[in-house]
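Values quoted throughout were computed directly from the atomic coordinates according to the rules given, and no laboratory measurement underlies them. Values in this document were obtained by computation on a predicted structure and should not be read as measured data. Cβ coordinates were reconstructed from backbone atoms using ideal geometry, including for glycine residues, and neighbour counts include every protein chain displayed.
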Amino acid sequence: MELQINGRRTQADAAPATPLLWVLRDQLNLTGTKFGCGIAACGACTVHVDGQAVRSCVTPVSAVQGKDIRTIESLGSAEHPHALQQAWIAEQVPQCGYCQSGMLMAAAALLARTPHPTDADIDAAMSNICRCGTYQRVRAAIHRAANSVSSGASNTANQSAVNSADAQRTGSAA
């Protein structure tokens, strides 16, 4: 089957019921998306499908054919980190780091639909589990990234990775 992942068309040889997570990790070698629980409870496997945060461990690959799939690998790069990645570092969010790719993808989806989230918006959107308990730092980092994006500090290419392909690109190089 043909999939659209991180802006590229690719082929996957998988049974229709195979979870997207395993296609990403095992067939396409996109290992930034993590396995945590297998029941959509923890959020370590969060990716974007048509701009929405979804748990890839319970999403059949057949359900995402013809849709825009974005993984953590598309969020930013070492040379041009996304505003959220910069904020994560500034706020010292990562501890063990295992949940971080899912957290970042959930936060990116939140900022794409709510550019200036309140604490309540963040609490409602961030249902990912962090065993290290960095929730207050996650909230601070999301606010920092929102302020950075609104002040034009985000990179246009990185912002487009957060938004769906037809979304408006904003910002300038950091």
- Message: Looking at the chain as a GNM with Cα springs under 10 Å, which of Gly66, Gly51, Gly43 has the largest mean-square fluctuation?
- Response: Gly66
- Summing -39500 (n - 2.57) over every DSSP H run of at least 4 in the chain, dividing by its residue total and rounding to the nearest 500, the 222 nm mean residue ellipticity is -9000 deg cm²/dmol
- Query: How many angstrom lie between the C-alpha centres of region 97-148 and region 7-24?
  - Reply: 27
- Item | Distance histogram for the chain (every C-alpha pair counted, 5 angstrom bins, percent rounded to whole numbers) | 1, 9, 19, 23, 20, 15, 9, 3, 1, 0
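Give me the percent relative contact order of the chain, please, defined on Cα pairs under 8 angstrom at least 6 residues apart. Don't skip to the answer; put the middle values down first.
Values: 330 pairs, mean separation 38.9, N = 174.
The value is 22 percent.
Would you mind computing the Rg to Rh ratio of region 83-162 from its alpha-carbon coordinates, Kirkwood style for Rh?
Working: Rg = 11.5 Å, Rh = 12.4 Å.
Result: Rg/Rh = 0.93.
Taking the beta-carbon count within 10 Å as an exposure proxy, list Ile142, Ile129 from fewest neighbours to most. Kindly include the intermediate steps, with their values, before the conclusion.
Values: Ile142 30, Ile129 16.
In order of increasing Cβ crowding within 10 Å: Ile129, Ile142.
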